[in-house]
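Contents: one structure, followed by commentary.
Every number in this text was worked out from the coordinates using simple rules, so none of it is lab data. Every value quoted in this text rests on a predicted model; they were computed, and no experiment measured them. Cβ placement follows ideal geometry from the backbone for every residue including glycine, while neighbour counts extend to all protein chains displayed.
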Amino acid sequence: MPTGDQVKGLIERVATIGVTYLTAKGYIDVKMATEIGPLLITVLSILYALWINRPKAIVQSAAALPNTIVVTSSEMATATPEKNVVSELTNKVVAR
C-alpha cells in the first residue's frame, strides 16, 4: 500500500497535468488555472483522506500488524475478510 506522501505526490501531479491540459486546450485561462489547481488538489486530498480513514480501512490496517487480534463490532468483523478480526460478542478482552 502506498504511503500518504506517495499518494499526495500522485494527486498533485494528476491535478497539475489535468489543469495544464485544460489550459493548453483553451478550455480555461491561466488565471482560472491558478484557482482550480489548488482547489482540485485539496478536494482530491480530502477524498483520499476520507477513504483511507473509514472505519473498515482502519480495522484492516490494524489487522495487518503482525501477531495481532482486532476485536471490533460484529458488523465490522463480518464485513472484514481478515481472519484476525473478531467480534466483541464472541470474544472477551481481559486485562492481565
Query raised in the report: Using the alpha-carbon atoms, what tilt in degrees (0 to 90, nearest 10) does helix 4-24 show relative to the longest principal axis of the chain?
Result: 30
Requested in this report: Before anything else, pin down the relative contact order of the chain: Cα pairs under 8 Å, at least 6 apart, normalised by residue count, whole percent.
Outcome: 17
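Between TRP51 and GLU12, what's the calculated FRET efficiency when r is the beta-carbon distance and R0 is 22 Å? Round to 0.05. Spell out each step's value before the answer.
Details: r = 17 Å, r/R0 = 0.78.
Step by step, r from the Cβ atoms, then E = 0.80.
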Query raised in the report: Over segment 52-96, what relative contact order in percent results from Cα pairs under 8 Å that are six or more residues apart?
Result: 33
